[in-house]
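Structure first, commentary second.
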């Protein structure tokens, strides 16, 4: 094939290469023998040979391995099992991550394809599944849930929860984080690691690519998929055969990107949980400084830096980096892992302590605590929305650390371990625990922690029982395991005195699966007996009762109850799924009263999370609850739903007699229900029983110590009652427990400072809240009020313009955006603009309200607008109408707000004496105007300078404790 | 007659290919490709700067697996590598073409892939150019083109190539050096076709 000329060309080329450079010309002269074309060719080859460098020296495979794999985009639109691939979501260590839809369940998932070689055999697949089950079973809010591992079209895939947001890597690409932000992310990652480590799982690959930041401030740790069960440090409860299987996992395989590798990883030594602590240290360092601690031009250099060098102090990048943070990072980055934090729990504690100090410092930097809580008339309407939104807050679960000693007869039933082979049995195991919890909660003599607060402790390992019990405020803990196979069920349960780690009682049950009810009842009775709880005859009967005789219906019910809000895409979706399962359950057993009650509850949740305006949905929930009560007249769960329904149906009228009746019925069989207790508190607040409300809220937050709604309502109530010192204690505790997260702390503090009449301090707190943090509109309301109180009118206008929803939720009883514009213009003295704004707002109000029934809220808003427009008679008439419709005597919660509104209308229409008279009525009572409002809000300018007004302001200040 | 199992098919096709059946390779590719891709996935998932996993190590795995499946119809390991090199070239070039087509189609590269995709695009373009030049080289010096294919796409050592081609290792080295210079010149825009 070779032409002779080409052959001689290459021969001469090869021979020339063997000669020194300076001898080549003469050699070519000789060899080419006057053939210039040949000589030019050889010279060209020589020239390119000399300059070719590394050209194609490394195999293509090493240079562009991705080209050996099919184009990731090719999969879009394809189906894998029940998943439809919609888009490429990103690139991870394990390859391409797709956004896909689970067409069976209609949810979005993140889909990763597993290299076939990673799961070459069944044993490996089983191991992966086992790990996925273990991490997912933790149900930790900071760990991404793995839904499914499977095989379709001869491809293995992993389907996980789809997280909206960006990776920490993407976030860091825009620059480093504030110290407080970085610490917050690190706390959440540490919390995820602590839970995983307790379950015997080491992540091994903690790096910014594997940390997702959700827009709501949640941090999610990804890719526990490659985390291997830690070879060492098996939890004591790990069954023997499981432990044996662990031996198969590869040792020494170096995983993880070099820069985040621990010294032991660079040496391919065995890793343990302290490896993750190191990597988190690197990530924390990078978050705060924007630089990785160990650098080098080549991987080898990075590795040697990891092994030998100390990272530059944080202060070399961030001048004011706190010394304590440096200590935390240094301790995480000790080369000798024996000197690092011994566990993620330790690191977590250190980070939390540090965060507390940070906050205390910020607090000290702010003004002294001498002012009071206040709220402006504009906020009157906004407040309606605030409380509506507060209810819609996602139900975060966190640890709480009560200070007082827990009562003797108190207990937390922790999630049971599912020892069955297939994953479907997880529901079954969850159901057993839930039923035991529910049974015990029926005993009035016991304090039983709500399901919501225990579900976060899914790992169920022994070592943290004491801590868990402390966090939940209980003396005793129940844990156990469930195994179902071949129609048989085996349940282990034990009761532990968490204060002494003493096992008080343990029992094994092995029976037909259909007998599970009997086992559950027996366990509950045994435990109640061990705790010497007094059981009434009715309680005994309730515990012994079977909810249904239909095993399938019961399975559907259990599955529905097992759905947590964070299992799925959101509250709405998970609730819809619950509804479907429960509908099937009652179809199978039309006498299954409890399933009806729970269905009613889910239907009510749909009404509630949709904004509480769809009255047909409310009616549906009510009817279902009534169906349940026809079957079982004393069913507390159904009475509770009815109470909720009546409460929301009568929000406007304040007619709560029926609510109270239903609550009495509900609490008779549900003495430990935190929802019933907090609903009672809501009614108390409106019926002049503020102290009862507080007591109920205290009880509710003991039963659900990590419930966001309960803790929030309690703090809110303290503010309304002007008990600022207690509010501050509650806030500190809730921050400490993690019940309040991220920027919310600063927002609550800003709001608090505003009430205390210190808008500068409020502004300082607001400055720490990223502008994009606007999960709820009250964020913008606080921003607006701060600007208004500071008389920064341009700033106030900017806030209005920037508010995403434009203050326009008229259906929630909120005035239109132009009401806020009018406020600002009026305060500025720009009469024309104010008039135009109020006129616009009035028009919008009427258009939006239309023919809808008009209550106190409507008249209050219209009155304020008419007052602004100078329509004195109308304005006063409407404001009086609002007060008449909801007087303080009838509604101690909203009443004061309408009186304040009347005072505003009088003030704006020149009726100074009347305005002062009205203000005097509310200046010191709960939910009246705050000191900050009276002192600073421009809307009261018409009254300023009057000694009577000064007295009112002083009284409001003096009323705070 | 029952259809042949994939293993039998592979064996038959390999025999055919060895006996000079040009269609055999076409049919082999879809059978062996999944295995190589699995290995490639694993390679990529392990591939980190500083790792020394060699292409040949990867091919070793493939060889052992295939040898297992096909009851060692290969003359030897190097022989397998030569086939694998062709396959890998084929696969990579196909994928590079796909990606180029995607780019020419003007379709926006999806966001998070930006950086990765850009690098891949460049590599794809380079790989296609190299493939083209290699074809030109093969037109007048098939052996040198083969050497490059085995070395660059298969990651074979000089000794292994010598073994497959049944020539002296020094010849392989000389072939490689000359071919490399020629390819680099061609890719640098020099007129290299005619001699």
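Just a few scattered comments:
- Test for residue A:53: is it free of Cβ contacts under 8 Å to residues at least 60 places away in the same chain, under 18 Å from residue B:174 (Cα atoms) and surrounded by fewer than 19 Cβ atoms within 10 Å (Cβ to Cβ): yes
- Selection status of residue B:192, at pLDDT below 90, within 11 Å of chain A (Cβ to nearest Cβ), assigned to a helix (DSSP H, G or I) and in contact with a helix residue (DSSP H, G or I) (Cβ under 8 Å, 6 or more places away or on another chain): no
- Matching residues, segment A:237-294, being within 14 Å of another protein chain (Cβ to nearest Cβ) and either outside any loop (DSSP other than H, G, I, E, B) or modelled with pLDDT of 80 or more (or both): A:258, A:259, A:260, A:261, A:265, A:266, A:292, A:294
- Test result for residue A:769, under 25 Å from the mean Cα position of the chain (by Cα), crowded, with 19+ Cβ neighbours inside 10 Å and not in a helix (DSSP H, G or I): yes
- Of the residues examined, residue A:100 is one that is away from chain B (no Cβ under 12 Å), surrounded by 18 or more Cβ atoms within 10 Å (Cβ to Cβ) and either under 26 Å from residue B:154 (Cα atoms) or at pLDDT 85 or above (or both).
- Any hit, segment B:155-162, residues being at the interface with chain A (Cβ under 9 Å from one of its Cβ atoms), assigned to a helix (DSSP H, G or I) and surrounded by 17 or more Cβ atoms within 10 Å (Cβ to Cβ): no
- Residues in segment A:580-618 that are assigned to a helix (DSSP H, G or I), in contact (Cβ under 8 Å) with a residue 12 or more places away in the chain and more than 14 Å from residue A:557 (Cβ to Cβ): A:603, A:604, A:605, A:606, A:607, A:608, A:609, A:615, A:617, A:618.
- Of all residues making up segment A:164-190, the number that are closer than 14 Å to residue A:284 by Cα and in contact with a helix residue (DSSP H, G or I) (Cβ under 9 Å, 6 or more places away or on another chain): 18
- Selection from segment B:163-175 of residues that are touching a helix residue (DSSP H, G or I) at 6+ places or on another chain (Cβ under 9 Å) and either farther than 20 Å from residue A:39 by Cβ or outside any helix (DSSP H, G or I) (or both): B:163, B:164, B:165, B:167, B:168, B:169, B:170, B:171, B:172, B:173, B:175
- Every residue from segment B:141-154 that is closer than 20 Å to residue A:7 by Cβ and not in a helix (DSSP H, G or I): B:141
- Qualifying positions in segment A:897-951 - farther than 23 Å from residue A:887 by Cβ, assigned to a helix (DSSP H, G or I) and free of Cβ contacts under 8 Å to residues at least 12 places away in the same chain: A:947, A:950, A:951
- Selection count where residues are modelled with pLDDT of 90 or more and at the interface with chain B (Cβ under 10 Å from one of its Cβ atoms), scope segment A:19-37: 0
- Top-ranked residue in segment A:108-124 [being more than 14 Å from chain B (Cβ to nearest Cβ) and at pLDDT below 80; ranked as surrounded by the fewest Cβ atoms within 10 Å (Cβ to Cβ)]: A:122
- When we screen B:178, B:96, B:101, B:125 for residues that are crowded, with 22+ Cβ neighbours inside 10 Å, modelled with pLDDT under 90 and part of a helix (DSSP H, G or I), the only hit is B:96.
- Residue A:10 fulfils the conditions (1) facing chain B (nearest Cβ under 7 Å); (2) outside any loop (DSSP other than H, G, I, E, B); (3) more than 19 Å from residue B:143 (Cα to Cα) except for a single criterion, (3).
- For segment A:316-332, the tally of residues that are farther than 23 Å from residue A:345 by Cα and surrounded by fewer than 14 Cβ atoms within 10 Å (Cβ to Cβ) stands at 3.
The values are calculated or read from the model by the stated rules, or taken from the named source; none is laboratory data. Remember, predicted model here, so these are calculated numbers, not experimental data. Here Cβ is always computed from backbone atoms with ideal geometry, including for glycine, and neighbour counts include all displayed protein chains.
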